[in-house]
1. Could you say whether any residue in the range 41-61 is touching a Ser or Thr at 6+ places or on another chain (Cβ under 9 Å), modelled with pLDDT of 80 or more and hydrophobic (A, V, I, L, M, F, W, C)?
2. Sort out which residues of the range 24-35 are within 14 Å of Glu67 (Cβ to Cβ) and touching a strand residue (DSSP E or B) at 6+ places or on another chain (Cβ under 6 Å), and write them in order of number.
3. Which members of the range 1-34 meet the condition of being modelled with pLDDT of 80 or more and small (Gly, Ala, Ser)?
Amino acid sequence: MLKSLNLNRTYNSIINKTPFEALTNKKPNIGYIKILGSLVYTLVLKETRKHSKLSEKGNKGILIGFESANNFLIYLLLENKVISTKNLIIKEDLNY
């Protein structure tokens with residue numbers, strides 16, 4: 001009796017589509033997904049930046065997760081805190 005039981009009860013392998021594709025007939029957009037642990041540089045806003053020509057315009061951090069499709073969770077190394085931002089540059093070839 002157990003031999004006839006099909007362990008894979010999902011239809012995804014039969015139709016070769018994800019559940020999102022089966023419902024909407026569109027491929028999901030996963031272009032925003034990046035490598036976790038990558039080195040990132042976040043923008044320091046003008047309002048919070050010190051008012052000098054040579055002040056830092058970016059903070060160095062580590063990508064630790066995603067809050068939504070366009071917001072990333074960043075661990076700032078110098079400040080020892082986690083922030084959520086979408087103003088950043090991700091260096092995927094450089095891991096911390």
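The values are calculated or read from the model by the stated rules, or taken from the named source; none is laboratory data. What you see is a predicted model; the values in this text were computed from it and never measured. Neighbour counts are summed over all protein chains in view; Cβ atoms, including those assigned to glycine, are modelled from backbone coordinates with ideal geometry.
1. yes
2. Lys34
3. Answer for the range 1-34, where residues must be modelled with pLDDT of 80 or more and small (Gly, Ala, Ser): just Ala22.
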